[in-house]
1. Step by step: first the residues of the range 1-60, then only those that are more than 12 Å from the chain's Cα centre (by Cα) and among the basic types (Lys, Arg), then the one that is nearest to Pro74 (Cα to Cα). Which residue is that?
2. How many residues does the range 54-74 hold that are farther than 15 Å from His12 by Cβ and open to solvent by 40 Å² or more (accessible area, probe 1.4 Å)?
3. Among the residues of the range 1-53, write down those that are assigned to a helix (DSSP H, G or I), over 15 Å from Ala66 (Cα atoms) and open to solvent by less than 100 Å² (accessible area, probe 1.4 Å).
4. Within the set of pairs 6+ apart or on separate chains, which have a first residue in the range 1-28 that is under 27 Å from Gly40 (Cα atoms), a second that is among the basic types (Lys, Arg) and open to solvent by 100 Å² or more (accessible area, probe 1.4 Å), and C-beta atoms under 8 Å apart?
Amino acid sequence: MTTPAKPWRGVHVATALPFHDDLSVDHDAYAEHVRFLAAGGCDGVTPNGSLGEYQTLTPQERARVAETAVQAAP
């Protein structure tokens, strides 16, 4: 049995993605940012959202960003 989808509620943040000096994604800093937003009362984040980084990432990098957000979220 499938659980019906629920509509989004509350505040969802399009997160900025931090990079290292070599332009690789800083996943540790991103995870910390997700935890910070959750601790501040945000109900969710939208990794790979509308801030422009998405177009510069490979499909594998995009997937890892989403995985990082899910693992960091409470």
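1. Per the stated criteria, the residue is Arg9.
2. Residues in the range 54-74 being farther than 15 Å from His12 by Cβ and open to solvent by 40 Å² or more (accessible area, probe 1.4 Å): 12 in total.
3. Matches in the range 1-53: Leu37, Ala38, Ala39.
4. Val25/Arg64; His27/Arg64
The values are calculated or read from the model by the stated rules, or taken from the named source; none is laboratory data. Since the structure is predicted, the reported quantities are computational estimates derived from the model, not experimental observations. FYI the Cβ positions are ideal-geometry reconstructions off the backbone, even for glycines, and counts take in every protein chain you see. Calculation scope for accessible area: heavy atoms of the full protein, side chains included, ligands and nucleic acids excluded. Shrake-Rupley method; radii C 1.70, N 1.55, O 1.52, S 1.80 Å.
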